[in-house]
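Structure first, then comments.
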Amino acid sequence: MTEIAKAYEPHSVEQRWYPFWEGQGYFKPQGDGPIYSITIPPPNVTGKLHIGHALCYTIHDVLLRWKRMQGYRVLCVPGTDHAGIATQNVVEKELRKEGLSRYDLGREKFVERVWEWVNEYGGQILSQLRGLGCSFDWQRTRFTMDEGYVKAVMDCFVRWWEAGLIYRGKRVINWCPRCATAISDIEVEHEDRPGKLYHLRYPFKDGSGYVVVATMRPETMLGDTAVAVNPSDERYKDKLGQTMILPLVGREIPLIADYHAKAEFGSGAVKITPAHDLNDYEVGLRHNLEMVVIIDEHGRMNETAGPAYAGLDRFAARERILEDLEAQGLVDRLEDYTVPTALCTRCHTVVEPLLSDQWFVKMKELAGPAIEVVKEGKVEFVPERFGRTYLDWMENIRDWTISRQLWWGHRIPVWRTDDGEYIVARSEAEANEKAKGRRITQDEDVLDTWFSSQLWPQAVLGWPEQTEDLETYYPTSVLITARDIIYLWVARMIMSGLYFVNEIPFHDVYIYATVLNEEGKRYSKSLGITVDPLEVTALYGTDALRFALLIRTAKGQDIRFGPIREKRQPQVEEARNFANKIWNATRFVLMNLGEGAPVEARWEPSTALADRWILAELNSTIEQVTAALADYRLNDASQTLYHFFWDEFCDWYIEFSKTQFAAKEETDEVRAARNRIVYVLETSLRLLHPLMPFITEELWQRLPHEGDSIMVAAWPQIDQRREDREAREQMETLIALITKVRNIRSVMNIPISAWLKVYMATSDERIKALVTANADQFKRLARIAEISVTDALPALEAAARDVVAGVEMAVPLAGLIDLEKERERVNKEIGRKENEVKGMQARLGNPSFVDRAPSEVVEQTRARHDELMSEIAKLQETLKALGA
RNA sequence: AGGCGCGUAGCUCAGGGGUAGAGCACUACCUUGACACGGUAGGGGUCUGGGGUUCAAAUCCCCACGUGCCUACCA
């Protein structure tokens with residue numbers, strides 16, 4: 001017999017099995033079963049594993065391992081995203097340490113520098129995923145800027161251009177002055193900040209007074225080209241069309257009527273700055289107003305703002321302008337105000353709405369079919385409610401700004417000829433050809449990073465080539481992702497998949513739980529204090545982290561997950577303890593396999609109660625776990641296995657059959673018992689493997705088994721013939737009886753060394769037979785020397801008495817009994833039962849309950865009531881005998 | 001402002017029309033030949049509040065309060 005460590009030590013085990021699996025080629029599609037395929041959400045190349053990733057990719061691995069065991073031909077393609085702004089920012093930060101900016105290097109050198117960085121650190125997160133046990137096909141690893149992928153992106157752009165879906169337009173877009181690029185609506189976050197509402201006076205040209213307008217951003221007044229009031233606003237009826245003189249600037253601006261102005265707000269008049277506000281821009285379009293740009297791409301006032309302000313930062317300009325207006329008596333009043341502020345998600349700089357030239361994709365046409373497939377259920381969201389979230393957004397979709405003023409990313413494949421024509425081509429050579437000798441220059445901008453990732457499922461399988469992989473594995477089975485990128489990513493993949501491959505990219509979209517900190521808030525990089533999954537696994541092992549996360553992923557509900565404190569993380573500790581339990585149960589079995597004929601993992605038919613019971617329980621565990629996994633209820637699967645393994649298998653089955661399978665002499669009986677326990681254990685390990693791959697492989701290899709690895713062993717099957725209601729009921733009774741004896745011992749402080757006698761009385765022959773047949777186990781587990789089962793209890797002095805499952809029990813306690821304590825115990829028992837009876841009597845006494853409730857329920861209630869009443873009567877006799 | 005969640009034992013959370021479950025923490029006993037990362041027994045909850053539907057509500061519906069997320073927008 002080999003020596004087995006007393007406690008599970010995860011680290012050496014984990015290091016041993018991962019290379020073995022990979023070396024065996026198990027991560028690649030095997031066999032010719034039905035297809036199960038996933039393309040992972042590509043983490044950013046800037047990414048380091050955080051706890052949310054750990055959950056996301058663990059879920060991937062659970063499903064992959066499970067399907068593989070079920071005989072599917074499983075493929076999972078991993079990869080990374082070049083992550084435009086995020087990566088550029090990281091490299092710029094590196095440069096800053098050297099006292100350089102990207103402009104010092106120039107575009108070409110800078111991009112080279114980013115590539116160096118990507119080559120060095122880009123794969124980091126993927127190798128961290130190996131540590132989590134992820135069984136992905138690493139040889140198919142892709143990057144959103146690798147050679148083939150670039151082709152896909154170019155192809156997409158060109159085809160959309162040719163279809164008229166891409167256009168260039170002037171728009172007020174969200175501009176981050178720090179990143180110096182346009183950002184999309186969904187890359188903007190909103191925050192309420194304390195600020196002021198400034199009421200300013202705009203004088204009429206004819207000297208007939210002034211109009212008061214309110215603004216949160218007075219510096220934009222330099223770009224005003226009108227003041228608007230609501231058409232129905234009586235106050236201004238006769239002033240409409242009049243001209244005002246814009247203070248400080250002197251420009252003449254009209255008073256116009258537009259629904260954008262709300263009569264209830266302030267004075268009802270609103271200043272219009274078409275070039276620096278989205279709504280004002282639309283008002284400007286409607287009224288054909290001049291669009292005056294006064295702020296540049298770095299957030300500074302430009303030349304147009306006038307010599308007094310040009311070059312000033314927008315916030316400094318605000319102060320100066322206020323002073324100047326104040327000096328002219330044009331500040332009506334200030335008001336404290338909560339200012340909704342738009343911030344750049346990446347760097348938290350205040351976003352500046354800016355009028356600029358950008359590339360757009362028309363979304364309406366693309367959205368139509370993508371709405372349909374979700375409505376028809378061809379693409380299914382789990383949990384369902386996220387489907388509604390998706391539809392809400394899709395039905396109100398706006399055009400997508402795809403150009404970014406960055407250097408890192410897919411350069412927009414548009415060239416401009418000197419005479420101003422746009423040439424769109426898949427490569428520079430093709431563009432030159434199309435230019436027919438004219439000089440061309442490529443657009444400076446790159447594409448939004450989501451423009452490339454929208455193609456992910458098809459592109460990683462080879463699209464736009466019609467590859468075998470694309471043919472075989474597309475559409476994929478499921479997309480597992482976070483809810484904050486349903487719009488950014490999920491929706492766009494559905495649209496592009498339908499457009500280019502004419503087929504949905506995935507059947508299911510499983511939105512997994514968001515991992516929150518202890519206060520129930522999102523972990524965010526800017527706030528710091530995250531849990532490092534690697535620190536957790538270093539402390540408790542990978543399987544423990546996986547299990548701790550999985551048992552908490554209920555129906556997309558958020559998970560609260562605290563940091564490690566004083567080298568402890570209680571949630572993972574619970575899972576580690578479970579791993580240790582699995583380890584020790586197996587260790588115990590292995591220590592008792594004997595020396596004779598080899599033991600096998602084989603169920604030997606048995607009529608013994610515990611055997612019938614554990615087989616039935618195992619069977620229903622298989623059923624429940626399989627159903628839970630199929631339904632993405634990973635917490636149910638985890639909980640069911642936890643309960644089965646610990647409470648049923650360890651606490652009762654092993655305890656029950658201990659003496660038998662651990663016997664010294666090797667009879668056929670003993671060997672059969674060993675086969676049975678190994679069978680249950682080995683099956684349990686297979687059920688646990690998708691959740692806890694390492695420990696299960698290690699133990700499985702040590703147990704009698706067939707095959708090379710648990711990873712490719714078959715998923716357990718249910719067998720209806722193993723259902724055994726009678727065994728379950730009887731076991732329940734037996735457990736109740738044993739527990740009652742233990743309870744009496746415990747409450748009466750009976751030392752463990754005292755082997756008692758117990759009398760039981762019942763008229764139920766089946767219970768008599770049950771106790772007799774299991775007398776050995778009963779005695780051992782309740783520490784009883786002798787059991788007597790009769791029709792009626794004999795007269796006993798100084799005994800503790802109780803009644804459970806209709807069985808009267810008496811435990812003689814001569815010399816041990818404390819009458820006071822026993823009275824207390826019995827009284828409490830009576831109280832408990834009376835409490836239950838009270839509710840039942842109320843119901844049974846209510847005619848409408850008896851009439852209207854289902855007869856089963858009424859009968860059940862009546863039966864339970866009668867049983868309780870007779871039990872109470874018996875306990876009251878006991879009490880009397882105790883001299884109460 | 002709208003949408004979507006959540007509010008159950010001291011803590012973290014399952015459950016979900018027939019008067020409540022787990023883990024941790026707590027109390028008592030136990031180093032009994034797998035495991036103290038363990039065993040046995042126990043204490044602890046009017047399931048946020050108020051209405052309604054029902055024979056029956058923690059569970060379904062409405063309202064309120066608290067809390068979180070998403071979206072939109074606000075001179």
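Quickly work out the residue A:139-to-residue A:442 label distance, labels modelled 7 Å from Cα along the C-beta direction, and quote it in nm with one decimal.
3.3 nm
Per residue, how many Å² of accessible area does chain A show with a 1.4 Å probe?
Numbers: 39560 Å² over 884 residues.
That works out to 45 Å² for each residue.
Residues of region A:669-713 with backbone nitrogen within less than 19 Å of a virtual label 7 Å along the Cα-to-Cβ line of residue A:12, please, listed as ranges.
Counting only backbone N, you get A:694-703.
Residues in region A:222-264 near a label at residue A:324, defined as backbone nitrogen under 16 Å from the 7 Å Cα→Cβ point?
What the label zone holds, given the 16 Å backbone N cut-off, is A:222-225, A:245-252.
In terms of solvent-accessible area of protein heavy atoms at a 1.4 angstrom probe, what is the ranking of A:755, A:115, A:613, highest value first? Each step should come with its number before you reach the end.
Values: A:755 125, A:115 85, A:613 15 Å².
Per-residue accessible area, sorted high to low, gives A:755, A:115, A:613.
Give the lysines reachable from residue A:237 as a straight Cα distance under 23 Å; neighbours fewer than 8 places away on the same chain don't count.
Within reach: A:205, A:262, A:271.
Please give the Cα centre distance for region A:291-343 versus region A:361-418, rounded to the nearest Å.
Result: 36 Å between the Cα centres.
Name the lysines eligible as straight-distance cross-link partners of residue A:880: C-alpha to C-alpha under 25 Å, and not fewer than 8 places from it in the same chain.
A:740, A:757, A:821, A:828, A:833, A:838
Amide H of residue A:799: which non-local residues (sequence gap of 5 or more, or other chain) have their own amide H closer than 5 Å, using H built in the peptide plane?
A:813
Using a simple spin-label model with points 7 Å from Cα along the Cα→Cβ vector, what separation in nm is obtained for residue A:655 and residue A:93?
5.4 nm
Within region A:574-608, find all residues whose amide N lies under 13 Å from a label point positioned 7 Å from the Cα of residue A:668 along Cα-to-beta-carbon.
Hits in region A:574-608 for residue A:668 at 13 Å: A:605.
Order A:477, A:101, A:753, most accessible first, counting only protein heavy atoms with a 1.4 angstrom probe.
Working: A:477 25, A:101 45, A:753 85 Å².
In descending accessible area the options line up as A:753, A:101, A:477.
Tell me, what % of the accessible area of chain A is carbon and sulfur with a 1.4 angstrom probe? Intermediate values should be presented prior to the final figure.
Values: 18970 of 39560 Å².
Exposed carbon and sulfur together represent 48 percent of the surface.
Find out how many positive minus negative residues lie around residue A:806, taking Lys and Arg as positive, Asp and Glu as negative, among other residues whose Cβ is under 9 Å from that of residue A:806. Before the final figure, lay out each step's value.
Values: positive: none; negative: A:764, A:808, A:867, A:871.
It works out to a net charge of -4.
How many nm separate the modelled label positions at residue A:372 and residue A:538, each set 7 Å beyond the Cα in the direction of the Cβ?
The modelled label-to-label distance comes out at 5.4 nm.
Report the Cα centroid-to-centroid distance between region A:588-625 and region A:821-884 in angstrom, as an integer.
Value for the Cα centre distance between the two parts: 39 Å.
Using the Karplus curve 6.51 cos²θ - 1.76 cosθ + 1.60 with θ = phi - 60°, what ³J(HN,Hα) values do you get for each residue of region A:826-833, in whole Hz, with x for Gly and Pro?
Each residue of region A:826-833 in turn: 5, 4, 5, 4, 4, x, 4, 5 Hz.
Amide H neighbours of residue A:339 under 5 Å, at least 5 residues apart or on other chains, H built in the peptide plane: list them.
A:193, A:195
List every residue whose amide H lies under 5 Å from the amide H of residue A:226, counting only residues 5 or more places away in sequence or on a different chain, with H placed 1.01 Å from N in the peptide plane.
Answer set, sorted by chain and number: A:272.
For region A:726-762 and region A:421-477, write down the distance between their C-alpha centroids in whole Å.
So the separation of the two Cα centres works out to 74 Å.
What aspartates and glutamates does residue A:874 reach when the alpha-carbon gap must be under 17 Å and sequence neighbours fewer than 8 apart in one chain are set aside?
A:764, A:791, A:797, A:802, A:808, A:822, A:824, A:829, A:834, A:836, A:866
Could you tell me which Cys residues in chain A have no other cysteine's Cβ under 4.7 Å from their own Cβ, answering none if every one has a partner?
A:56, A:76, A:134, A:156, A:347, A:650
So if we plug the beta-carbon distance of residue A:112 and residue A:488 into 1/(1 + (r/R0)^6) with R0 = 22 Å, what FRET efficiency do we get, rounded to 0.05? It would help to have the intermediate numbers written out before the result.
Values: r = 29 Å, r/R0 = 1.30.
The formula returns an efficiency of 0.15 here.
Could you state how much accessible area residue A:81 has, in square angstrom rounded to the nearest 10, with a 1.4 Å probe and all protein chains kept in place?
Its accessible surface works out to 10 Å², give or take rounding.
Just to verify a number: what accessible area does residue A:490 come out at with the full protein assembly present, 1.4 Å probe, Å² rounded to tens?
Number for this one is 0 Å².
Could you go through region A:367-381 in sequence order and give the Karplus-derived ³J(HN,Hα) for each residue, using 6.51 cos²θ - 1.76 cosθ + 1.60 with θ = phi - 60°, rounded to whole Hz, and x for Gly and Pro?
Ordered by residue, 3J(HN,Hα) equals 6, x, x, 6, 6, 4, 5, 7, 4, 7, x, 5, 10, 10, 8 Hz.
Sorting A:504, A:245 by accessible area (1.4 Å probe), largest first, what list results? If you can, show how the numbers build up before the last one.
Values: A:504 5, A:245 55 Å².
The ranking, largest first, comes out as A:245, A:504.
Each residue of region A:685-701 in turn: what ³J(HN,Hα) in whole Hz from Karplus with 6.51, -1.76, 1.60 and θ = phi - 60°, glycine and Pro shown as x?
Whole-Hz 3J(HN,Hα) from phi for region A:685-701: 4, 5, 5, 7, 4, x, 7, 10, x, 6, 5, 5, 5, 4, 6, 4, 5.
Scan region A:231-286 for trypsin sites (Lys or Arg not before Pro) in coil per DSSP, keeping those whose Cβ has at most 14 other Cβ atoms within 10 Å, and list them by number. Let's see the in-between values first.
On the way: sites: A:235, A:237, A:239, A:251, A:262, A:271, A:286; in loops: A:237, A:239, A:251, A:262.
Answer by residue number: A:237, A:262.
The values are calculated or read from the model by the stated rules, or taken from the named source; none is laboratory data. Computed from a predicted structure; not experimentally measured. We place every Cβ from the backbone using ideal geometry, glycine too, and count neighbours over all the protein chains shown. Surface accessibility is based on the protein's heavy atoms, side chains included, excluding ligands, DNA and RNA. Shrake-Rupley method; radii C 1.70, N 1.55, O 1.52, S 1.80 Å.
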